[in-house]
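J.: The structure that follows is given in the form of structure tokens.
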Amino acid sequence: MSDIRIYLSDKNHGIMTYQSVVDKILARIRRFGRGHVCTPRDFVDLASRASVDQALSRLVRAGQLRRIGRGLYDYPKTSARLGVLAPSPKAVERALARRSGATLKSSAAQVANALGVSTQVPMRTVLETTGRSRTVTVQGRTMRLVHRAPSKLGRPSGVADDVIRALSYLGTGGVDDTVIHRLAATLRPADKRALLGMIRHAPGWLHSAIRRIATEG
């Protein structure tokens, strides 16, 4: 990348070259590695928002980054067989959460499907958020963000939280021996311990099932 000496005056960061902003942003992205999704907000400690926007646009034109949505960029992974890969939903989810400052999690229906305890495949991506409800488009695909009370999403993220949310989604009639045995067989010991430690966050009707999942297998 050529060193274009365009100087930027930034009241928060002093005088710097345009190229130095580009280089700093690219260096940070590379530290995260391929597949990382970022937003301009991730770099406002390096330069003003206007300078960051210009630098990101230049990195897109140079083929270093890809613009995947409004204010969303990724450092794409590539495959010898498939070419440039789509960004992972989790990476997009984390970037949206950083940008909004809100808690953001996959819907309970999607979590249940990912854990293999539900065969229902959601028709579209739905994320639950403590922020406002809205729609986000990523590479032409619509993602619906639905507001939930902080009390519903305030638990620490992780496998244990996913299990509790998935079981709650299945309901009293859906948490049967098949579901319990499947989770008991697939969860790692550390995840089982974490699940047992979070039992207080689960509704009372799930306590017996959680204890069985954590101790069987």
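J.: Count neighbours as other Cβ atoms within 10 Å of each site's Cβ, and list the trypsin sites (Lys or Arg not before Pro) in segment 120-203 that are DSSP loop with at most 15 such neighbours.
T.: 124, 132
J.: Short version: what are the Cα gyration tensor semi-axes of the chain, square root of 5 times each eigenvalue, largest first, in whole Å? Don't skip to the end; give the middle numbers.
T.: Working: eigenvalues 340, 63, 49 Å².
Taking √(5λ) for each Cα gyration eigenvalue gives 41, 18, 16 Å.
J.: If you don't mind, there's one more thing I want to ask. Can you tell which of 143, 187, 107 lies farthest toward the positive end of the dipole of the chain, using +1 and -1 charges on the Cβ of basic and acidic side chains (Lys, Arg; Asp, Glu)?
T.: Final value for the positive-end residue is 143.
J.: Going Cα to Cα from residue 90, which lysines come in below 21 Å? Please leave out same-chain ones fewer than 8 positions away.
T.: Within the straight-line limit of under 21 Å, residue 90 reaches these lysines: 77, 105, 152.
J.: For segment 99-217, place one equal point scatterer on every Cα, skip the solvent, and apply the Debye formula. What is log10 of I(q)/I(0) at q = 0.22 Å⁻¹?
T.: Log10 I(q)/I(0), no solvent term: -1.25.
J.: Report the antiparallel proportion of the DSSP beta bridges in the chain as a percent, rounded to a multiple of 5. If you can, show how the numbers build up before the last one.
T.: Working: 20 of 25 bridges.
Taking every DSSP beta bridge with both residues in the chain, the antiparallel ones total about 80 percent.
J.: Follow-up. Given Cα pairs under 8 Å that are at least 6 residues apart, what percent is the relative contact order of segment 62-217?
T.: After rounding, I find 17 percent.
J.: For residue 102 and residue 49 in the same chain, what is the full-extension length gain: residue separation times 0.36 nm, less their Cα-Cα distance, in nm?
T.: 17.0 nm
J.: If you stretched the chain out fully between residue 141 and residue 81, how much longer would it get, using 0.36 nm times the residue separation minus the C-alpha to C-alpha distance?
T.: Values: separation 60, 0.36 × 60 = 21.60 nm, distance 2.30 nm.
Result for the pair: 19.3 nm of gain on full extension.
Computed from the coordinates by the stated procedures, all read-outs in this text should not be read as laboratory data. Nothing here was measured: the structure is a model prediction, and the numbers come from that model. Neighbour counts are summed over all protein chains in view; Cβ atoms, including those assigned to glycine, are modelled from backbone coordinates with ideal geometry.
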